[in-house]
Amino acid sequence: MSSTNDSRPPAVSETGDPLLLTPGPLTTSKTVKQAMVHDWGSRDAAFIALNAEVLDGLPKIVHGEGDYVTVPMQGSGTFAVEAMLTTFVPRDGAILVLINGAYGQRARRILGVAGRKSFTYETAEDTPPDLEAIEHILAGAPSITHVFAVHCETTSGILNPIDKIAALCARHGKRLLIDAMSAFGALELDARTTAFDAVAASANKCLEGVPGLGFVVCRREALLACDGNATTLSLDLLDQRRNLDRTGQYRFTPPIHVIVAFHQALQEFWAEGGVAGRGGRYAENARILIGGMRSLGFETLLPDALQAPIIATFRMPTHPRFVFPRFYDSLKARGYVIYPGKLTVADSFRIGCIGRLYPDHMRGALQAVRETLEEMGVALTPAPAP
């Protein structure tokens, strides 16, 4: 614990666990956790009805009722992204992958393993894609059938201009596939005004469920045109959806407890006000965190205009007494778990703003940072306001 005179107990969640200031898995509500204490039969009518309620509700988050369907995929979010890419991109197709972080890189690797032709346009992790450059690529490569973009790149926390990318795709007749893993449920994505064939996300991010279930919200007409595209049986979204339509069941054993917890998490999401309510809380968390860290002398990687209210990246201080493992361990001892950096452009660490966290939690985290710096003998000079 702390070597200061502060005798307060470490910050904890409702169930006594440290708070996860990470981009997911994240701190969940006590009621979401409690939903997992019961056993369900995967072919029982009650579970089938609950699962259908989960799947039917997800398109509403992107205003896709009627035109879009949900296809769940057992596993992490990457399972959903791989299922989306290998189901929607035909074997004779080609896809432009927009990269400014690790998750764009991962998509390129998935496509390579699957034997899909891909073009890439890459910018640094702190730089959004240049729309004119994308347009030039699309105009010069008529073989491109699809474009892949990440809505919020968790590597840095950068918000990519997904609406403008979608407009470019529509103008050039290309199909857009979106990785919204760290954005779905907190950042607005409206299928009525932003054209996309599919968006992949997971239960354990902004919807505040637990890990183990990814999903893809698919434009039904586009999904039905994917017959024969899939490179694997288990990741075939069309086959999974057809079985759900026919039987109400997964083809293979579903993560039942995860789905039941997700059902509870979605009820809490809507009770909070949906995207506006959830995103509003996260935005306030981010405002408090970023302002407070800057006042303590930390420098953010991103300017405010590019910063999504999901996770913030801070440059590692150059002070000789600042040792990140000690900083991390001291914050954890005080009840706050943060995230190491994942950048190539800068030595950094990350602090998440999502999960069952509220503004007072962010203020508590800032106090823990302040105490840790004092304990380490690190005095940083705040930079001028951006």
Any hit, the range 36-45, residues being among the hydroxyl-bearing types (Ser, Thr, Tyr) and modelled with pLDDT under 95: yes
Residues located in the range 77-101, provided they are touching a Ser or Thr at 6+ places or on another chain (Cβ under 7 Å), surrounded by fewer than 24 Cβ atoms within 10 Å (Cβ to Cβ) and assigned to a helix (DSSP H, G or I): 86
Scope the range 178-200; condition part of a loop (DSSP other than H, G, I, E, B), crowded, with 21+ Cβ neighbours inside 10 Å and small (Gly, Ala, Ser); matching residues: 180, 182, 183, 185, 186
Boolean, residue 278 is buried (at least 20 other Cβ atoms within 10 Å of the Cβ), of a type outside the set (Asp, Glu) and more than 29 Å from residue 42 (Cα to Cα): yes
Residues satisfying the stated conditions in the range 217-258, i.e. free of Cβ contacts under 8 Å to residues at least 40 places away in the same chain and acidic (Asp, Glu): 227, 239, 245
Residue tally, condition over 13 Å from the mean Cα position of the chain (by Cα) and among the charged types (D, E, K, R), over the range 190-216: 3
Looking only at the range 298-327, and only at residues there that are free of Cβ contacts under 8 Å to residues at least 24 places away in the same chain and part of a loop (DSSP other than H, G, I, E, B), the one that is nearest to residue 24 (Cα to Cα): 318
Selection from the range 16-72 of residues that are of a type in the set (Ser, Thr, Tyr) and in a helix (DSSP H, G or I): 31
Residue in the range 268-279 that is of a type in the set (Asp, Glu), part of a loop (DSSP other than H, G, I, E, B) and farther than 30 Å from residue 229 by Cα present: yes
In the range 121-155, residue surrounded by the most Cβ atoms within 10 Å (Cβ to Cβ) [restricted to those that are aliphatic (A, V, I, L, M) and in a loop (DSSP other than H, G, I, E, B)]: 144
Qualifying positions in the range 156-177 - more than 21 Å from residue 352 (Cβ to Cβ) and either assigned to a strand (DSSP E or B) or not assigned by TED's automatic domain parsing to the domain that holds residue 199 (or both): 175, 176, 177
Residue count, the range 89-108 (criterion: more than 20 Å from residue 342 (Cα to Cα) and without any contact (Cβ under 8 Å) to a residue 12 or more places away in the chain): 1
Subset of the range 339-355 [modelled with pLDDT under 95 and assigned to a loop (DSSP other than H, G, I, E, B)]: 341, 342, 343, 344, 345, 346, 347
Single unsatisfied condition, residue 282 versus (1) part of a helix (DSSP H, G or I); (2) hydroxyl-bearing (Ser, Thr, Tyr); (3) in contact with a Phe, Trp or Tyr (Cβ under 8 Å, 6 or more places away or on another chain): (3)
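The values are calculated or read from the model by the stated rules, or taken from the named source; none is laboratory data. Here the structure is a predicted model, which means the values were calculated and not measured. We place every Cβ from the backbone using ideal geometry, glycine too, and count neighbours over all the protein chains shown.
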